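See structure below.
Every read-out reported here was derived from the displayed coordinates using simple, explicitly stated rules and does not represent laboratory data. This one's a predicted model, so the numbers in the text were calculated from it and none came from an experiment. Here the Cβ is made from the backbone with ideal geometry for all residues, glycine too, and neighbour counts use every protein chain on show.
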């Protein structure tokens, strides 16, 4: 069915009847834009007004669908051909409409899933609910697109679509966990303990340590090599204060303000605010924290922080000889000689540069031993 030919024929017949597009549209109870659309070959009249249109233009439906006036000799042949073309045109129009609906359903489904990942917190059940609803709606749309395939192929394609959709969700969820440091949405088990929450996802585990504190951090265990008994636990934010991060601030000399500032900023107690001062003559470092010392000493946090900060600074800035930690309550001073002499295994930590395994073994893990912290703190800071 040649829409362009039919459009030109409608325009010719309209002019023969001395009608404008507006006048023809008014007689048919439609807008003149619809008439213009027909005559430009961008559409055909609806079946509901086709008889009335032919009556006004003084042509037959057969003439209209042929795009020309049909003589009696070819009338029957044209009629049969027009019937076949009309059925084909209708089928194509319905198919196009169904595809549009299917695509809209898929877009809506994907949109709901996007909303689930952007609006709702990762631990909200609504996020998972909207993701499942999005999957179902998009699957309905996909099924409409492939409905002409055989029954077995439709089952296979739908199955593969669901698998691909779920894998995509898991990949996006994992990316959010890694980039944004949030719990996974699609964990099948959540175990809550005193020191952490463990989320067990299909292909990895996530350990949320120091939950709901300033020092909360996550360990993503893709190899599933950790358990609650051997997971690295520290009272500090390990992502910031751990040796894997702060080793980048290793420097031979105190006085590089940018480097020193970055190092202090990533160590414990920085979360309360601070300023620092360098004594270049005596190779000293003074840090003034904007907090009272006793205020932060729950669970020996002050003692742990001062020990950790002292060892870290002496290990990473090679020529620092003494450090002063000032609080609104008290002042604590420590020298490299004291750390060398009184902190166990300090030499093993700084042996041949920085031994990261020994750093974790002799410093980080020791911060979980309250007896060790109390005893060592007294020897270094109070004697």
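Brief remarks on what is shown
- Prolate/oblate/rounded label for the range 322-362 (Cα gyration tensor, a/c 1.5): prolate
- DSSP beta bridge pairing in the range 247-380, given as percent antiparallel to the nearest 5: 65 percent
- Using alpha-carbon coordinates, inclination of helix 47-57 to the longest axis of the chain, degrees: 40 degrees
- Projected-area average for the range 189-232 over all orientations - Cα convex hull basis, square nanometres: 3.0 nm²
- Cα gyration tensor category, rounded, prolate or oblate, for the range 1-125 with a/c compared to 1.5: prolate
- 0 to 90° range, to nearest 10: angle between helix 3-16 axis and the chain longest Cα axis: 50 degrees
- Globularity index of the range 16-59, i.e. its alpha-carbon radius of gyration over 2.2 N^0.38 Å: 1.04
- The value of relative contact order for the range 1-139, using C-alpha pairs under 8 Å at least six residues apart, is 20 percent.
- Distance histogram in 5 Å bins (all Cα pairs of the range 239-382, percent per bin): 2, 10, 22, 25, 24, 14, 4, 0
- From its DSSP helices (H runs of at least four residues, each -39,500 (n - 2.57)), the chain gives a residue-normalised ellipticity at 222 nm of -16500 deg cm²/dmol.
- Rounded Å value of the spacing that divides the Cα centres of the range 172-202 and the range 50-105: 60 Å
- The protection proxy used here, the mean number of other Cβ atoms lying within 10 Å of each residue, ranks peptides 88-98, 19-29 as follows, highest first: 19-29, 88-98.
- Sorting the segments 350-356, 145-151, 324-330 by their residues' average number of neighbouring beta-carbon atoms within 10 angstrom, most packed first, yields 324-330, 350-356, 145-151.
- Against the chain, whose longest principal axis comes from its Cα atoms, helix 75-118 is set at around 20 degrees.
- Distance between the C-alpha centres of the range 252-285 and the range 125-146: 53 Å, rounded to the whole angstrom.
- Computed over every Cα-Cα pair of the chain and binned at 20 Å starting from 0, the pair-distance distribution P(r) comes out as 21, 28, 19, 15, 14, 3, 0 percent.
- Counting only Cα atoms, the size of the range 91-180 along its three principal axes is 49, 24, 20 Å, in decreasing order.
- At 1.002 mPa s and 20 °C, Stokes D of the range 86-241 from Kirkwood alpha-carbon radius, µm² per second: 119 µm²/s
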